Structures are given as C-alpha cells and as structure tokens.
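The values are calculated or read from the model by the stated rules, or taken from the named source; none is laboratory data. On a predicted model such as this, the values are computed, not experimentally measured, just so you know. Reconstructed Cβ throughout: ideal geometry from the backbone, glycine too, with neighbour counts over all protein chains shown.
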C-alpha cells in the first residue's frame, strides 16, 4: 500500500501533466490556425493596399509632422522635392489638396531666418524654372485667380489647397531659402487637368 502523502503527490503530478498537455495542445491548435489564416490575411492586406494606391483621396491627406520636426536641418544626402499625393496626368476637381515634401533639407518658416540646410516650398504653376539663379521667386498679385504662377509657403507648410481655373496646368515644386532665393532643389514638372467645378 502506498502512503497517503505519496498518493497525493502522484495525483498532483498527474494533474500538472494533464494541464501542461492541455496547454500544449491549445498552443499547437492556435499556431496551426494562425498559419492557416496568414495567407488569407496577407492577401486581404495586399488587396487593400492596391485599392488604396489606385484611389487616392487627396482630401484626406493631412500632415502628421510637427513644425519643430520640420524646422531642424537634415543630414546631407540626395536633395529633391516631390509631390506626395498627386502625379503627372491626374485629373482633379477644385479646390484640391496638394501635399509635398523635400529630402536632404529641413523645412523652416521664413521668420526663422537663415538656418543652414533649411528653406521653404514654392509651387510654380504654368511657369518654367526661373532663369536668374540669384533673384528671389516672385509673388503673384493679391487675390489672383486666372493667372496664378507662384505659390509661396513661407510658414513652412507642407500641404495646401489649390483652386485653379479649369484646364491643363503644369506644377513644379521649387525649394528656396528664407529670402525666397531658390536652392534649385525641385520636383519634376507634372501636368494635371483641373476639371470644371460644376462636374
């Protein structure tokens, strides 16, 4: 006959082994189910990404970068400006949101003064690159609508709403210093078609 204390210990060991076996079985089942669902989940995410890329909603793009993050200088590297949410050939209904960025430089408001490797954005509308490399980028007349050519973002903005007349327009970003003198860091020129507001 087995003493009662040893019998109780054997019962505890058996119960512990049963619990471990149940947990191990549950973990194996969960891993198996996760492995089965991964391809389907991956396919769903890929389909959603494809849909998101083909249907860009320019109204929903809002900058999440704070002004202090944009003001500090960036390390030396490739310097280029680019449009974030529009591309060559897009058709847009006015007013439309335009988001833009620069690499290799920091974005700073004009009032910050001369800070190395920083500046602010400009959009050239239906205009070539300026010929005079030492002249500041000109300003449009106040409240100009039909003949908009130069949009300045001297407060350090990285997005805007453009309201252009219907028709084909060219856009190019040009990055400049606090005196509006271009660094000749620019985007490629893109062509867009602005649709009639009534459509």
Taking the stretch 110-120 and keeping only residues that are closer than 18 Å to residue 78 by Cα and surrounded by fewer than 15 Cβ atoms within 10 Å (Cβ to Cβ), one is left with 116
Does the stretch 133-147 hold any residues that are touching a residue at least 12 places away in the same chain (Cβ under 8 Å) and within 27 Å of residue 106 (Cβ to Cβ), and which are they? 133, 134, 135, 136, 137, 138, 139
For strands (runs of 3 or more DSSP E) lying entirely in the stretch 107-183, having 1 or more residues that are more than 30 Å from residue 197 (Cα to Cα) and in contact with a strand residue (DSSP E or B) (Cβ under 9 Å, 6 or more places away or on another chain) picks out 118-125, 167-176
Are any of the residues in the stretch 149-156 surrounded by fewer than 13 Cβ atoms within 10 Å (Cβ to Cβ), on the phi < 0 side of the Ramachandran plot and at pLDDT 90 or above? yes
Which count do you get for residues in the stretch 75-95 that are within 14 Å of residue 122 (Cα to Cα) and surrounded by fewer than 16 Cβ atoms within 10 Å (Cβ to Cβ)? 1
Selected residue (only one of 181, 98, 107 is more than 19 Å from the chain's Cα centre (by Cα), assigned by TED's automatic domain parsing to the domain that holds residue 81 and buried (at least 16 other Cβ atoms within 10 Å of the Cβ)): 181
What is the one condition in (1) modelled with pLDDT under 55; (2) assigned by TED's automatic domain parsing to the domain that holds residue 184 that residue 49 does not satisfy? (2)
